[in-house]
Amino acid sequence: MDTSGKALSYYPGCSCSRNGIGRHYGFSSLAVLRALGITVSEIEDWNCCGSNLYRVVDEKGSYLLGARNLAKALEMNLPEILILCPACFLSMNRTLTEILANTKVRNEITKKYSILGSPASSRLRIRHVIDFLVNDIGEEAIKNRVKRRLEGLKIAAYYGCQITRPYSYFDDPEFPTSLEKIISWIGGQPVESPLKTKCCGGMLMLTNEEEVLTVIEKIFNSYVREGAECIVTACPLCHLNLEMARTRLGKRISVDKRLPIIYFTQLVGLSFGIGIDELGISKNIAEHLIEKMVLTATV
Amino acid sequence: MVSQNNHLIEDSYAIRAAIEKCIQCGTCSASCPLNNYMDYTPRQVVLMVREGFIHEALKTKTIWLCSTCYLCAVRCPAKINIGEFMTALKRSALKNGYSNNQLYPKLMETYAEYINKYGRISEPRLMIKFSLKTSPFKLLKMIPFSMKLLREGTLSFSLEKIQNIEEIKI
Amino acid sequence: MDRKIGVYICHCGLNIASTVNVQKLTEFAQGLEGVVIARDYPYMCSDPGQELIKKDIKEYGLTNVVVASCSPTMHGPTFQKVCEEAGLNPYMFQMVNIREHVSWVTDDVEKATEKAKLLVAAAVNRVKFHEPLEKIHVPLTQSVLIVGGGITGIEAALKLANSGKKVYLVEREPSIGGRMAQLEKTFPTLDCASCILTPKMVDVASNPNITILAYSEIKEVSGYIGNYKVKVVKKPRYVDENKCIGCGLCATKCPSKVLDEFNMGLSYRKAIYIPFPQAVPRKYTIDRERCLYFTKNICRVCERFCPTKAINFEQKPEEIALEVGAVILATGYDVFDPSVIKRYGYGRYKNVYTGLEVERLTSASGPTNGRIILRDGRTPSTVVIIHCVGSRDENYHVYCSRVCCMYAMKLAHLIKERAPNSTVYELYIDIRAHGKGYEEFYRRVQEEGVIFIRGKAAEITESDNGKLIVTFEDTLLGKVQQIEADMVVLATALEPRKDARELARIFNIPVDKNGFFLERHPKLAPVSTVNRGVFVAGACQGPKDIPDSVAQGAAAAAEALALLSQGVVEAEPVIAEVNKDLCSGCRICISVCPYNATVFDRESKTASVQEVLCQGCGTCVASCPSGARTLRQRGFTDKQIIAEIEAILLKRFVPVEVLITET
Ligand SMILES: Cc1cc2nc3c(=O)[nH]c(=O)nc-3n(C[C@H](O)[C@H](O)[C@H](O)COP(=O)(O)OP(=O)(O)OC[C@H]3O[C@@H](n4cnc5c(N)ncnc54)[C@H](O)[C@@H]3O)c2cc1C
Ligand code: SF4
């Protein structure tokens, strides 16, 4: 598909913004897109999507949170919104679905944001960066951009739960294959696990730590069993939880201390030859990985 | 067995769908990654609500253990969005002062405070404030991991406020 | 115009009377212009109800009758007959549906009564313009086409042939027999399927009234009730059926091996084959896709060894034209493909099977000669059977497939019989054992030690040692459990044939929301369709077991017989009609008719309507540029329709003749 000149708005959300814990996911995604010739425009003065937490306190309010961002994207005349964080992706998708399908919500929302009641709102699309890379950019463009091939490095893709469920539309809700495609395009060997879309526990890490640790233990074990040499994630919270669990679980799991857990966009960025500062990847992890890559073009 | 307690529960689409359509197959329960920590299975909670044991349903641990991963929702043969069902129960429980989990409501509260004040959140600040409210000692435990994040440059405490906070208020 | 109209309001028990104030409605009707008598009655369709109308027709000399009750598709013909028996032309009658259109869909008595009044007034206004019509009579061809040679089609064919009718049995596969031929034993009595099926197949083959057209498909159908013209394509077997004696020498010599679809891919057959030993007709067929001659232009071994010189690589598809009076569709079902439910791992884990696959495993003539041997060569010691796979699931099929509970229990019995040391679990949501002897069978299987657990499997994973871990909630205990199994059997749903919609289009019948052929009435006309010469029977109408399929096969045969034995058939006169004096011959109507009923008459240079083909849809009438006087629809003239509409819109309950001029 010809994506040159394609314009999207970009919703970083709290986690992937420059102050968030997932800022490196944000940096690396933008760097990868830039390398592919795609520029995105950040929605100005965006607000938190409310994820699944704010709804517990105030349902109506949670739709308003999403709606404000949607309205801004429409005002920018960039109705296709690129999102990285799965929680934002889910809750913005939900807001959009409800506005389009639920009259009660629509009436409430359009009182404040009338633009969402206009025909233009039917052009709104929430796009996850995985979806965009696989279905719009595609195999050829990604392969062409590769400068270091992974040459069979065993990569485990951990999707977490909310990228593919329940409002998502671009891949199977339980057994997605998009990340595996990207991994193989850059030369990696995808490692399968039946737990790849099992939940990491999310925010429950703060309230029910022991329970969540047990869940993540299983996830680690299944990847270790398959011989994963690197785990890639696509969610700031999964990422944090995996890292935190790795320290907490300690000897309960037999995960190599050096096993890199990075964002998939950082991995793609490395193979594109993008600098490690731009990707926000630590030097020793980068070196560890680059060691196993094969140079195919000058970086 | 119509309950006196129906007023405790909100009349939302997810709740109604669960009451009207559930065939009690247990797919949701067996799909749940946290099921063995629950006092009642998700299917049983649906049944409680259907049969009018609202009080009991709102008191379960189950609803607070739901992390809304929606695996149940995409598998349910009756196409019930059980994740949203659990969220609706949490909401009803919070509103009516039920809680058998002290931590989760506090987390919600803290989260909402940030949003209502700034329109955005900062995870590190959220964690600290939440821990101060609940168990300050936990903060000590977090220090080593926080140092790691700091080294990697992923820890920041700054939080930008949106321009007009009224825009997110009804 | 001197009209004497009788109006009859039905209570339908409380169905209507509880929502519509029938007394008020009757009073209202009595006051309408032209109405000489209005009555209400608890059940208008009952004998005394009908008598009431007849008596009035005679006593008051009624010229028109209006009945306000249920749907005309339900009782329209009943009341038309009443009129006819009392000497009134049945088309001087009009029916109002105040049940489905009013009482069942309105809560408020006031509103319901008002709506009923409007509808009755409209009918009274309309019926004034009705004119007497005569039924059309069509002769019938005394032969029947049956599509599908499963147990249903076989049953229907034998019944019809034995009563002296000519039957053409068209079967797509090389042999008749259908799914039943693939089964080992049949619930609940456990008779051996081929022992009871084979004799019937042989009867079909030897009956002089039956022509089997196997390995054939329907290409095209034209004509109408009593006079269908059907084109059948006989696919080339590359074996001369007249010469082949079924000795099988060719297959023993053929070097090309193919996965055997009759054995659900669990074994191999040759490129020249019969699907199973008892096949009828016992004629060999070359699988063109796998034949070395057709793919690589080598071999021709079969040709060399055939003792009767039956092999003919030059054979071409053959088109056969049939003329039949009635059609029975008995095309059966397809099995749901469970690989789309990825979490069950069918196709990924080798020891996850479908019911039909295990049916073949347990079959004495199957790939393992009836022994339960897994794909990896082991005999299972723990087996889990999962019910409702693809059924009762809004993500796939919402309906219950009706036979899975029973066949799952049958398979459990067979597995325990063949692998006596095994433990067999049934994971069910509800056990549906509705037939005669079925509940007893359920008990028996339970007594044999099969363990029934109420809960649906959430997922299957594979452990390191190759065992299958089935996770589910035991819903009666309220506990999430796991079973480590060697073998998992998925009781997969029955679904419409892939080409069901296409076939429905060819025969001009509708399908239901699930894609099965739609019967005319779910209770009262279960094997009829809206196309009056086309009947449906067996699993193509909805999931069904063998007893029900056989009953429907026989029922469809009886319906076809009842039709053919009339000699001539009556057709509705509510059709289009051309005024030849006014027709300019523009042919627009001919291009729009969906039934090819309007044709151009070269002599008079005008359009003309073939009465038996016209379905009265009205498309041509609306298309005629020179208006309603040229092309009109009997029973739906402009006058009648406008009178009806005016009564409702203008509440003007007066004759509207003056308002309408037919131009
Ligand atoms: C695993 C399993 C086990 C079962 N066990 C039992 C049991 O023990 N007892 C019981 O009572 N029932 C059992 N059943 C149900 C039983 O199979 C059906 O009731 C029965 O086969 C229905 O017969 P039928 O003739 O209507 O359809 P089918 O058996 O499907 O036959 C239809 C025939 O039509 C042909 N056909 C289809 N389309 C066309 C076309 N377009 N043109 C020409 N021909 C066409 C097909 O090739 C086939 O020969 C079982 C079902 C399954 C799946
Ligand atoms: S999966 Fe759906 S139908 Fe089954 S028990 Fe849970 S809510 Fe009910």
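Readers should treat all values here as calculations from the given coordinates under stated rules, not as data from a laboratory. None of these values were measured; they are calculated from a predicted model. Ideal geometry is used to build each Cβ from the backbone, glycine not excepted, and the neighbour counts take in all protein chains shown.
Tell me, C:LEU477, C:LEU356 in order of fewest to most beta-carbon neighbours within 10 Å? Display every interim value, and only then the final one.
Values: C:LEU477 12, C:LEU356 18.
So the ranking, lowest neighbour count to highest, is C:LEU477, C:LEU356.
Taking Cα pairs under 8 Å and at least six residues apart, what relative contact order does region C:541-658 come out at, in percent?
Numbers: 127 pairs, mean separation 28.5, N = 118.
Contact order relative to length: 24 percent.
Mind checking the mean number of beta-carbon atoms from other chains within 10 Å of the Cβ atoms in A:14-27?
Rounded to a whole number, the mean comes out at 4.
Once the principal axes of the Cα atoms of region C:577-630 are found, what is the range along each, listed largest first in whole angstroms?
Sorted largest first, the three principal extents are 23, 22, 16 Å.
Can you tell me how region C:413-472 classifies by the Cα gyration tensor, rounded, prolate or oblate, using a/c under 1.5 as the rounded cut?
Oblate.
Over every pair of different alpha-carbon atoms in region A:229-296, take the mean of 1/r and invert it; report that Kirkwood radius in Å.
12.8 Å
Mind checking region C:294-364 for chymotrypsin sites (Phe, Trp or Tyr not before Pro) that DSSP puts in a loop (not H, G, I, E or B) and that have at most 15 other Cβ atoms within 10 Å?
C:PHE313
To the nearest 10 degrees, how steeply does helix C:193-206 sit against the main Cα axis of chain C, on a 0 to 90 scale?
Once rounded, the angle reads 60 degrees.
Determine the distance separating the Cα centre of region C:443-458 from the Cα centre of region A:99-151; give it in Å without decimals.
48 Å
Residues of B:151-157, mean number of Cβ from any other protein chain within 10 Å of their own Cβ, rounded to a whole number?
The per-residue average across the peptide is 5.
Restricting to Cα pairs below 8 Å that are 6+ residues apart, what does the relative contact order work out to for chain A? Please round to a whole percent. Don't jump to the answer; show the numbers that get you there.
On the way: 506 pairs, mean separation 63.5, N = 299.
Relative contact order here is 21 percent.
Mind listing which GluC sites (Glu not before Pro) in region C:30-123 are in a DSSP loop and have 13 or fewer other Cβ atoms within 10 Å?
Filter output for region C:30-123: C:GLU33, C:GLU100.
Give the whole-number value, in cubic angstrom per residue, of the convex hull volume spanned by the C-alpha atoms of the protein assembly as shown.
234 Å³
State the Cα centre-to-centre distance between region C:264-327 and region C:126-175 in whole Å.
31 Å
Average projected area of the Cα convex hull of chain A, in nm²?
With the hull built on Cα positions only, its mean projection is 15.0 nm².
Could you work out [θ]222 nm for chain C from helices alone, using -39500 (n - 2.57) per DSSP H run of at least four and dividing by all its residues? Round to the nearest 500 deg cm²/dmol.
Roughly -8000 deg cm²/dmol at 222 nm, from the helical runs in chain C.
Please average, across the residues of A:244-253, the number of beta carbons from any other chain that are within 10 Å of each residue's own beta carbon, and give a whole number.
Mean partner shielding for this stretch: 1.
Pick out which of B:GLU113, B:GLU56, B:GLU160 has the largest mean-square fluctuation in a Gaussian network model of chain B, springs linking Cα atoms closer than 10 Å.
Most flexible of the set in this elastic network: B:GLU160.
Please arrange C:TYR425, A:TYR54 by counting, for each residue, the other beta carbons lying within 10 Å of its beta carbon, fewest first.
C:TYR425, A:TYR54
Three principal axis extents, largest first, for the C-alpha atoms of chain B, in Å?
If we take the Cα atoms of chain B, the spans are 55, 37, 28 Å.
Can you list which of the GluC sites (Glu not before Pro) found in region C:411-518 are DSSP loop residues with at most 13 other C-beta atoms within 10 Å?
Listed in order of number, the matching sites are C:GLU448.
Taking neighbour Cβ counts within 10 Å as the exposure measure, how do A:THR265, C:THR295, C:THR619 sort from fewest upward?
Going from least to most buried by this count: C:THR295, C:THR619, A:THR265.
Over all directions, the average projected area of the alpha-carbon convex hull for region B:6-95 comes to how many nm²?
Convex hull of Cα atoms, orientation-averaged projection: 4.8 nm².
Rg and Dmax of chain C, using alpha carbons, in Å: what are they?
When restricted to Cα atoms, chain C yields Rg and Dmax of 30.7, 92 Å.
Skipping prolines and chain starts, which residues have an amide H placed within reach, meaning under 5 Å, of the one on C:ASN579, given they are 5 or more residues away or on another chain?
When sequence neighbours closer than 5 places are left aside, the close amide H contacts are C:LEU631, C:ARG632.
Need one word for region C:334-495: rounded, prolate or oblate. Basis is the Cα gyration tensor (sqrt eigenvalues a ≥ b ≥ c); a/c below 1.5 gives rounded, then a/b vs b/c decides.
Rounded is the answer for region C:334-495, as its axis ratio a/c remains below 1.5.
Could you tell me whether region C:5-134 comes out rounded, prolate or oblate from its Cα gyration tensor? Rule is a ≥ b ≥ c as square roots of the eigenvalues, rounded for a/c under 1.5, then prolate if a/b exceeds b/c, otherwise oblate.
Taking the square roots of the gyration eigenvalues as a ≥ b ≥ c, region C:5-134 is prolate.
Return a whole-number percent for the relative contact order of region A:146-295, with Cα pairs under 8 Å and 6 or more residues apart as the contact set. Write out the running numbers ahead of the final one.
On the way: 221 pairs, mean separation 47.9, N = 150.
Averaging sequence separation for qualifying contacts and normalising by length gives 32 percent for region A:146-295.
So, in region A:146-295, how many Lys pairs have Cα atoms under 26 Å apart, if the pair is 8 or more places apart or on different chains?
Lysine pairs meeting the criterion: 28.
How large are Rg and Dmax for region C:1-67 when calculated on the C-alpha trace, in angstrom?
11.8, 37
Can you find, among A:LEU237, A:VAL191, A:GLY201, the residue farthest towards the positive end of the dipole of region A:171-242? Put +1 on the C-beta of Lys and Arg, -1 on that of Asp and Glu.
Of the listed residues, the answer is A:VAL191.
If one computes the Cα centroid of region A:180-223 and of region A:227-265, what distance in Å separates the two points?
8 Å
Tell me, which longest segment in chain A has none of the trypsin sites (Lys or Arg not before Pro) that fall in DSSP loops with at most 10 further Cβ atoms within 10 Å?
The longest uninterrupted stretch comes out as A:1-256.
Would you mind giving the average projected area, over all directions, of the Cα convex hull of region B:103-167 in nm² with one decimal?
Seen from a random direction, the Cα hull of region B:103-167 projects 4.9 nm² on average.
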